[in-house]
Amino acid sequence: MAIRKIAQLGEPVLRQRARELTRDELRSPAVQTLIDDMIETMHDADGAGLAAPQVYESVAIAVIEVQGNPRYPNSASIPLTVLVNPRLTPLVASSSDALADEDAFEMYEGCLSVTGLRGRVRRPRKVRVQAWDREGNPLDFEWEGFRAVVVQHECDHLNGTVFVDRADPKSLTFLREYDRYVPLERRMVDGGARS
Ligand code: NI
């Protein structure tokens, strides 16, 4: 296993649509090593997730894990999850263009490809996730809250989208200023938890 270099905002690979893998490709040693390397790279960088384009591989793989992460100290944990060729479907009543408060999860997101910056993003608070695991077995589950945000952020990378595209521009903040000026109660707001 190896820690790979993480592409930073401006690298063209972050703006490409990642291609899907066949099961034969997935089972190849090169792709299995890529997955191992993505997990190691995510751990080393204290990321909540990592998508293959972030390590210069334009294929549809994302890894997610949160366990006592210093970058997300107040977040619920997420078990290690490998998603291949993922498809997401929002499971909320209102449309993504006009999300009702009770359907929305707002969080100051960060990204290993956008070092030092956070910004507030509003997303559907619940999604259906369909994908393969690293062996090619089908996965189909529903995630809500913080988990739903993380999986949407990672799957955005597979479509060439970065969180700054979705963030309220006036909310963008560097980490030092985030720590100073964004109160804890505004860092993560689950609209579905209010009712
Ligand atoms: Ni990211």
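What number of residues in the stretch 152-178 are touching a helix residue (DSSP H, G or I) at 6+ places or on another chain (Cβ under 8 Å) and outside any helix (DSSP H, G or I)?
4
Would you mention how many residues in the stretch 157-195 are closer than 25 Å to TYR56 by Cβ and without any contact (Cβ under 8 Å) to a residue 12 or more places away in the chain?
Selection size over the stretch 157-195: 2.
What number goes with the only condition from (1) within 15 Å of the ligand (Cβ to nearest atom); (2) out of contact with any helix residue (DSSP H, G or I) (no Cβ under 8 Å at 6 or more places or on another chain); (3) among the basic types (Lys, Arg) that ARG128 does not pass?
The one condition ARG128 does not meet is (1).
Do we find that LEU26 is within 27 Å of PRO124 (Cβ to Cβ) and of a type outside the set (Gly, Ala, Ser) in this structure?
Answer is no for this residue.
Out of everything in the stretch 75-110 that is within 27 Å of VAL55 (Cα to Cα) and in contact with a Leu (Cβ under 8 Å, 6 or more places away or on another chain), what residue ends up being nearest to the ligand (Cβ to nearest atom)?
Filtering the stretch 75-110 for residues that are within 27 Å of VAL55 (Cα to Cα) and in contact with a Leu (Cβ under 8 Å, 6 or more places away or on another chain), the one nearest to the ligand (Cβ to nearest atom) comes out as GLY110.
Keeping to the stretch 99-137, report how many residues are touching an Asp or Glu at 6+ places or on another chain (Cβ under 7 Å) and of a type outside the set (A, V, I, L, M).
The total comes to 10.
What are the residue pairs meeting all of these: first residue in the stretch 29-52, first residue among the charged types (D, E, K, R), second residue within 16 Å of the ligand (Cβ to nearest atom), Cβ atoms under 6 Å, and 6 or more apart or on different chains?
These pairs meet every condition: ASP37/ARG4; ASP46/ASN69; ASP46/ARG71.
Filter the stretch 35-58 for residues that are more than 12 Å from the ligand (Cβ to nearest atom), modelled with pLDDT of 95 or more and not β-branched (Val, Ile, Thr) and give the result.
ASP36, ASP37, MET38, GLU40, HIS43, ASP44, TYR56, GLU57, SER58
As an exercise: evaluate SER28 against (1) modelled with pLDDT of 95 or more; (2) within 16 Å of the ligand (Cβ to nearest atom) and give the number of the one condition it does not meet.
In the conditions (1) modelled with pLDDT of 95 or more; (2) within 16 Å of the ligand (Cβ to nearest atom), SER28 misses (2) alone.
Hey, does the stretch 102-122 have a residue that's touching a helix residue (DSSP H, G or I) at 6+ places or on another chain (Cβ under 9 Å) and over 26 Å from LEU9 (Cβ atoms)?
Yes.
Checking THR115 against (1) closer than 23 Å to ARG187 by Cβ; (2) among the hydroxyl-bearing types (Ser, Thr, Tyr); (3) away from the ligand (no atom under 16 Å from the Cβ): exactly one of these is not met. Which one?
Every condition holds for THR115 apart from (3).
VAL31 passes all but one of (1) closer than 25 Å to PHE105 by Cβ; (2) surrounded by 13 or more Cβ atoms within 10 Å (Cβ to Cβ); which number fails?
(1)
In the stretch 34-51, what residues are farther than 16 Å from ASP156 by Cα and not in a helix (DSSP H, G or I)?
Across the stretch 34-51, the qualifying residues are ALA45, ASP46.
Given (1) buried (at least 21 other Cβ atoms within 10 Å of the Cβ); (2) assigned to a loop (DSSP other than H, G, I, E, B), where does ALA131 come up short, assuming only one miss?
Going through the list (1) buried (at least 21 other Cβ atoms within 10 Å of the Cβ); (2) assigned to a loop (DSSP other than H, G, I, E, B), ALA131 breaks only (2).
Taking the stretch 131-149 on its own, how many of its residues are within 16 Å of the ligand (Cβ to nearest atom) and either under 19 Å from LEU184 (Cβ atoms) or free of Cβ contacts under 8 Å to residues at least 12 places away in the same chain (or both)?
2
The values are calculated or read from the model by the stated rules, or taken from the named source; none is laboratory data. Every value quoted in this text rests on a predicted model; they were computed, and no experiment measured them. Note that each Cβ is placed from the backbone with ideal geometry, even for glycine, and that neighbours are counted across all protein chains shown.
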